[in-house]
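Input: a single structure, listed below in structure tokens.
Where a number appears in this text, it was derived from the coordinates with a stated rule and is not lab data. Worth saying up front: this structure is predicted, and the values here are computed from it rather than measured. Backbone-built Cβ (ideal geometry, glycine too); neighbour counts: all protein chains shown.
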Amino acid sequence: MKQWFEIGQTDRLLTPALLFYPERIARNIEKMIHIAGSATRLRPHVKTYKCAEVVSMQMDKGIQKFKCATLAEAEMLAKAGAQDILVAYPLVGPAQLKFLELGSNYSKAQFSVLIDHPDQISLWEKTNKKVQVFIDIDVGMHRTGIPMRKAQNLFDQIGASTQISFKGWHIYDGHIHDKNTKDRKISVTEAYSSGLEELLTKTNTKGAEIICGGSITFPIHADFPERTLSPGTTLLWDQGYTASFPDLPFDIAATVATRIISKPGDDKLCLDLGHKAVASEMKTAPVFFPQLPDANIEVHSEEHLVIKTNKAESWNIGDILYGFPWHICPTVALHNQAAIIENKEITDFWSIEARNRMYAL
């Protein structure tokens with residue numbers, strides 16, 4: 001009997017290939033909403049899947065607010081009909097002009113952007129356009145965001161601007177990776193207890209939107225009804241999160257398919273799954289093969305992946321293996337489309353539209 005990820009007819013499938021399983025994606029959406037308590041509390045990040053059809057699946061369930069990291073993702077969201085789009089990234093230079101251009105071209109959508117430094121206020125004011133912003137607060141990741149103790153001053157500067165409107169607070173805790181659920185909750189509590197309530201009181205913004213957390217921590221933030229929740233990887237999930245966070249209920253909903261192209265040894269298989277088809281930036285193995293759980297990575301280059309397995313003799317050149325990527329987000333970005341698998345058959349191909357970069361105004 002075939003496993004859930006296997007497909008019947010493979011003659012239409014060129015490899016390496018990215019596969020999406022909509023039934024499992026739909027279940028993940030339902031789980032997100034169940035944890036949040038309401039679709040209106042969610043502002044999912046689209047960076048993982050970059051695909052309009054997955055956005056539409058969420059909108060059909062009542063999710064209308066979204067978050068993205070790139071302008072290509074923002075345009076994809078606008079085309080899909082999203083009503084409220086936050087570009088959760090500091091924009092500078094021509095990116096500001098492109099952001100304003102998107103707002104003009106897609107007037108039915110409400111666009112906003114992150115700010116975490118006074119210089120950004122000056123840069124936005126030079127555009128002579130109205131802009132809605134979320135103040136990005138750093139609670140420990142030290143990537144972007146202003147320290148909590150300095151946030152009120154930035155808020156006051158925005159209040160003095162005639163062009164920039166404050167929309168809310170954005171707080172991402174991507175540095176929190178505690179595998180133990182109790183430890184994770186403690187880490188979240190410590191990160192957010194460093195002045196958030198005091199800041200909201202002093203700025204009189206308890207009624208503003210407060211976007212908190214990511215895929216790992218949003219179930220903890222769900223206990224605070226005033227917070228908007230922002231998971232992203234939850235839609236597709238991956239082997240890395242499956243291994244690290246077994247307490248979270250999400251299902252792997254995307255795989256990579258690869259064919260055996262050579263057998264360089266009695267216990268080795270060479271696959272057409274190189275760096276250009278599955279993300280390989282992690283220190284761990286880039287992919288797990290459920291059909292060959294004993295497989296170890298021997299060589300990984302641009303177009304080849306050599307694995308060592310005691311079951312190599314049972315497999316033939318041309319056979320298909322299915323892999324669970326360790327990190328699904330950059331893996332999706334390597335493919336321009338995903339084969340859609342329903343009832344173990346290919347029913348469609350969805351464009352990974354927002355993987356593309358924008359180069360011109």
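What to note about this one:
- Links that overshoot a 26 Å alpha carbon limit, given the list Lys108/Lys167; Lys47/Lys268; Lys50/Lys308: Lys47/Lys268; Lys50/Lys308
- Net lengthening on full extension, Ser301/Glu342 (0.36 nm per residue, minus Cα-Cα): 11.6 nm
- Listed values for the range 312-329 are Karplus-derived 3J(HN,Hα) couplings in whole Hz (6.51 cos²θ - 1.76 cosθ + 1.60, θ = phi - 60°), namely 4, 5, 7, 10, 10, 4, x, 5, 9, 10, 10, x, 9, x, 5, 10, 6, 4, and x replaces Gly and Pro.
- Fraction of alpha-carbon pairs over 17 Å apart in the range 138-219 - percent: 49 percent
- When the Cα gyration tensor is reduced to axis lengths a ≥ b ≥ c, the ratio a/c is 1.5 or higher for the range 22-235, and with a/b not above b/c it is classed as oblate.
- If R0 equals 56 Å, the separation of the Cβ atoms of Trp315 and Arg357 corresponds to a calculated FRET efficiency of about 0.90.
- Full extension of the chain between Leu123 and Ser161 yields a length gain of 12.5 nm, computed as 0.36 nm times the residue separation minus the alpha carbon distance.
- Virtual spin-label span in nm between Ser56 and Ser193, 7 Å along Cα→Cβ: 4.7 nm
- The range 253-355 - convex hull of the alpha-carbon atoms, volume per residue in Å³: 103 Å³
- For the chain, the longest principal axis of the alpha carbon atoms and the long axis of helix 94-105 meet at an angle near 90°.
- Ranked packing of 331-337, 1-7, 258-264, most packed first, by mean Cβ within 10 Å: 331-337, 258-264, 1-7
- Helix 71-80 and the longest principal axis of the Cα set of the chain meet at an angle near 90°.
- Using the Cβ of Tyr172 as centre and a radius below 10 Å, the other residues enclosed give a net charge of -1, where K and R count +1 and D and E count -1.
- With R₀ set to 35 Å, the beta-carbon distance separating Gln9 from Asp223 gives a calculated FRET efficiency near 0.15.
- Residue-count net charge about Ala88 - beta-carbon cut-off 14 Å; Lys, Arg +1, Asp, Glu -1: -1
- As a ratio to 2.2 N^0.38 Å, the alpha-carbon radius of gyration computed for the chain takes the value 1.06.
- Centre separation in Å (Cα based) which lies between the range 241-320 and the range 159-238: 36 Å
- Between 0 and 90°, nearest 10: helix 181-192 axis offset from the chain longest Cα axis: 30 degrees
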